[in-house]
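The structure appears right after this line, and notes come after that.
The values are calculated or read from the model by the stated rules, or taken from the named source; none is laboratory data. Here the structure is a predicted model, which is why all the values come from computation and not from measurement. Virtual Cβ from ideal backbone geometry, glycine too; neighbours counted across all protein chains shown.
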Amino acid sequence: MGKRVLITGGNKGIGLALTKKFKANGFEVIVIGRNFDHFTVPEVKTITFDLNEVEKIPALAKEIGKIDILINNAGIDRQRPYYDYPQEEVNRILNVNLKAPIALINAFLPDFLERKEGKIVNVASQAAEVGHTDIWYGITKAGLVNVTKSFAAIVGKDGVLVNAVAPGPVETEMIHNTNIPERFEQVKSRTYLNRVAEPEEVAEVIYWLATDVPVYVNGETIDINNGAQRVKNYSR
């Protein structure tokens, strides 16, 4: 039997691209998501679960059993202005984007440490570095980058690799359902290719971090934005 990978939010977007890639390469894939109505990847174990319920994660992890790779991909934004952000929404985005990944790491890390191997990849965002109009989205993604560095510092000497990616806009539901389309257009216009990323392109980088990455690459956050954060255009 191949190695086991757990992907949160593996039912759509970047996560779905990851699910397909891992499955095609012989991994046993477990996907956590809130809705699998349109999920069609065969021979993948699906678990319907709301990551907002952080307190239930230890029991969930026990039910899943041992894994070799953890990919904290699930994330939400609320697209609310800073002056109209109900505490309930703050709590939810903190739970899903930050507390749940930490809880999952805590749940599976003891086994990783016992075996002195295991890979964890966290999906952050360009918002962690440049900010976001949804301030709590930016805060949680910046926190996830810090989680990556902190855990790598703690367990890196014990054979566990913890890395992250920080994508710019990706062709997913988050863009299609946005109420700030002008922001994505501005970011797109700053890229070298004048387009947003495809989910499969981000998935390629995550897959590398979860499989063939050298052990020296630990505690890193890889930006995937095609130059969108560059200061100046240089003509040839």
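Observations
- Residue, nearest to the chain's Cα centre (by Cα), within segment 129-138, restricted to residues that are in a helix (DSSP H, G or I) and surrounded by fewer than 19 Cβ atoms within 10 Å (Cβ to Cβ): Glu129
- Segment 146-163, residues that are in contact (Cβ under 8 Å) with a residue 12 or more places away in the chain and either of a type in the set (Ser, Thr, Tyr) or surrounded by fewer than 19 Cβ atoms within 10 Å (Cβ to Cβ) (or both): Thr148, Lys149, Ala153, Gly156, Asp158, Gly159
- Pair list, Cβ under 8 Å, 6 or more apart: segment 53-76 residue without any contact (Cβ under 8 Å) to a residue 60 or more places away in the chain and over 21 Å from Lys21 (Cβ atoms), other residue part of a loop (DSSP other than H, G, I, E, B) and of a type in the set (Ser, Thr, Tyr): none
- Test: residue in segment 74-84 that is at pLDDT 95 or above and either surrounded by 21 or more Cβ atoms within 10 Å (Cβ to Cβ) or small (Gly, Ala, Ser) (or both): yes
- Unique match (being of a type in the set (A, V, I, L, M), in a helix (DSSP H, G or I), modelled with pLDDT under 80 and in contact with a Gly (Cβ under 9 Å, 6 or more places away or on another chain)) among Val187, Val155: Val187
- Considered as a group, the residues in segment 3-62 that are closer than 16 Å to Asn95 by Cβ and basic (Lys, Arg) include one that is farthest from the chain's Cα centre (by Cα), and that residue is Lys56.
- Qualifying residues in segment 1-58 (those that are farther than 24 Å from Lys99 by Cβ and among the acidic types (Asp, Glu)) - the one surrounded by the fewest Cβ atoms within 10 Å (Cβ to Cβ): Asp37
- So Val165, is it modelled with pLDDT of 95 or more, under 23 Å from Gly143 (Cα atoms) and assigned to a strand (DSSP E or B): yes
- Residue in segment 38-53 that is aromatic (Phe, Trp, Tyr), at pLDDT below 95 and closer than 24 Å to Ser125 by Cα present: no
- Some residue of segment 99-106 being of a type in the set (S, T, N, Q) and farther than 17 Å from Asp50 by Cα: yes
- Residue list for segment 106-128, filter: at negative phi and assigned to a strand (DSSP E or B): Lys119, Ile120, Val121, Asn122, Val123
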